[in-house]
1. Counting only residues that are within 22 Å of B:Met173 (Cβ to Cβ), give me the helices (runs of 4 or more DSSP H) lying completely in segment A:158-275 with at least 1 of them.
2. So, B:Thr116, is that one crowded, with 22+ Cβ neighbours inside 10 Å and within 8 Å of chain A (Cβ to nearest Cβ) or not?
3. Has segment A:192-201 got any residue that is hydrophobic (A, V, I, L, M, F, W, C), more than 11 Å from chain B (Cβ to nearest Cβ), over 23 Å from A:Pro252 (Cβ atoms) and in contact (Cβ under 8 Å) with a residue 12 or more places away in the chain?
4. Let me confirm something: among B:Val80, B:Val86, B:Val122, which residue is touching a residue at least 24 places away in the same chain (Cβ under 8 Å), facing chain A (nearest Cβ under 7 Å) and not hydroxyl-bearing (Ser, Thr, Tyr)?
5. Among the residues that make up segment A:221-230, is at least one of them buried (at least 20 other Cβ atoms within 10 Å of the Cβ), touching a residue at least 24 places away in the same chain (Cβ under 8 Å), within 23 Å of A:Val156 (Cβ to Cβ) and small (Gly, Ala, Ser)?
6. Could you tell me which numbered condition B:Lys97 fails, if it satisfies all but one of (1) loosely packed, with under 14 Cβ neighbours inside 10 Å; (2) at pLDDT 95 or above?
7. Report whether or not B:Pro146 is more than 9 Å from chain A (Cβ to nearest Cβ) and out of contact with any strand residue (DSSP E or B) (no Cβ under 8 Å at 6 or more places or on another chain).
8. Going by the structure shown, is A:Gly271 more than 7 Å from chain B (Cβ to nearest Cβ) and either surrounded by fewer than 19 Cβ atoms within 10 Å (Cβ to Cβ) or over 17 Å from B:Val114 (Cβ atoms) (or both)?
Amino acid sequence: MNASGRWRAIGVNALLVVLAAFSLFPLLWMASVSFMHPGEASTLPPPFLPKSATLANYRELFERAGMGRYLVNSLLVATAITLFSLVLNLAAGYAFAKLHFAGRDRLFRTLLTALVIPAQVAMIPLFLVMKWLGLVNNYGGVVVPAMATVFGIFLVRQYARTIPDELLEAARIDGAGEWRIFATIVLPLLKPIVVTLAIFTFLASWNDFMWPLIVLSDQVWQTAPVALAGLAREHVQDNELMMAGSVVTVLPVLALFLALQRYYLEGLLLGSVKG
Amino acid sequence: MNERRAAWTFVAPALVVIGAFFLVPVVAAFALSLTDFDLYALADLRNLRVVWLGNYIDILRTPLFWKSLGNTFYFVLAGVPLSIAVSLGAALLLDSKLARFKDFFRTALFAPVVTTVVAVAVIWRYLFHTRYGLINFALAKFGIAPIDWLGDPHWSMPAIILFAVWKNFGYNMIILLAALQGIPRDLYEAAHIDGASLVQRLRHITLPMLRPALLLVAIITVSGYFQLFAEPYVMTQGNPLQSTVSVLYFMYDEGFTWWSLGRASAIAFLLFALILAATLLLLRWGRRGEAA
């Protein structure tokens, strides 16, 4: 490599280091401050590491602020949404890709058109529906409307189209019913997209804010982000406590993403570039 | 025949959920926007009256609506180009043959995307702290006087834009990176042999080839940024001097603080119309580019 090439390589990598620092620094600092003693972060110059690490903020967070309950709420809600929407979206996405029925393509195009409508347009009537169903301040209020999504169906359909028709025809000739074909032949083939859809749905449900804020006003039912936003308004000065709250809210999704990153990024590309 | 009947049992559950909890509410929202649905109607439906376009006219006469619209446009017009520029820069760097540890960098740059908005907004609120925040601390090293980021109406929106760029640029970066990797290498090699410089290659090969991906990224980002809500809700509560009240924040307040559900529905539809118009405009711009 010549001299100008080497300088260029150094430049590219230096810029990447700067961008990575920009991305990671707030997260690392959050973790560091969460272990500081109350008030320690409100000194000058701002300390980068705790003088002596303490778990006091986490203790306060779980014992006094009830964060454990909110995390359990989030876990239950996100898990339920993920399971239900997997079943419904997989079945529908597969049918739109591979089964023949009247009006299939027109119906699917109609669904895709609905993607341009922002979710917030539906929120106000949806709130009234949930109130009427008795699902306000109830896990159901968050879970039920999220049990199927156009995006999920679209994702599964894109993937299911690669399944060869001969495979399904052979099973039909053998006399297998459609649901049996789905369970024994199709599902194993869809495995990668199942993982992708699962992690996508789980992260989106966990991170969701506006709808849970509306439908879960009662503290007992609140998910972690909603509770954290409430805490942030109360504890404007308790930075160390708030950072601990952010750590426990972000850590589960960050860990899940790191573990299943490949599937997540594939889903992102499948859902957008080819769309 | 059997297949046809079975097909409906596959799609029906999902269609029922999407229909009952999304499509019907969207239609109902339009109907609701033509009424004066409020706390009294919530208690007893007999108090409900149809006001036709009354809510829309009323909203267009409300100064806070125009304020929130201005704030939202500020966020979109400054935030979207900045976000896409950072995404494109990051994607070009990651696509470079010279870059090392690509997997690590890609993961690091993408990490903010999967974090919870509320949680990281709490971090940034602290980073922006006038006295103890690290941003002012760093600026002081360059001799810049402390900025009251979240307390000064001139700086509150730039602060939120900076946060949004940090949070979101990784998403578009992945899409643009995939598009970059799809550009045939021999195009660059031919240009290289012809003696084209780095900037010339970028302008005459990379950017034209990226056009479809850039259009897609622009549409996703514009419609996402029009839906600004959680960031001001956590960081500024719409303050100072309502400088960070977004259209959606205004809708939330009208609907769920004041329980003017009819008015709130009308705001939601105005926002929808805005997003639709912006998307169509971008699509037209994209198509015109293709023809050229």
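The values are calculated or read from the model by the stated rules, or taken from the named source; none is laboratory data. Treat the numbers as computed from the prediction; the structure is a model and nothing was measured. Quick reminder, even Gly has a Cβ in these numbers, built from the backbone with ideal geometry, and neighbours come from all protein chains shown.
1. On the way: elements: A:165-173, A:178-181, A:187-207, A:210-215, A:224-234, A:239-259, A:261-272.
Qualifying helices (runs of 4 or more DSSP H): A:187-207, A:239-259, A:261-272.
2. Judged against the criteria, B:Thr116 is a match.
3. For segment A:192-201, residues hydrophobic (A, V, I, L, M, F, W, C), more than 11 Å from chain B (Cβ to nearest Cβ), over 23 Å from A:Pro252 (Cβ atoms) and in contact (Cβ under 8 Å) with a residue 12 or more places away in the chain: absent.
4. One residue alone meets the criteria, B:Val122.
5. No, every residue in segment A:221-230 fails to be buried (at least 20 other Cβ atoms within 10 Å of the Cβ), touching a residue at least 24 places away in the same chain (Cβ under 8 Å), within 23 Å of A:Val156 (Cβ to Cβ) and small (Gly, Ala, Ser).
6. Failed condition: (2).
7. For B:Pro146, the condition - more than 9 Å from chain A (Cβ to nearest Cβ) and out of contact with any strand residue (DSSP E or B) (no Cβ under 8 Å at 6 or more places or on another chain) - is met.
8. yes
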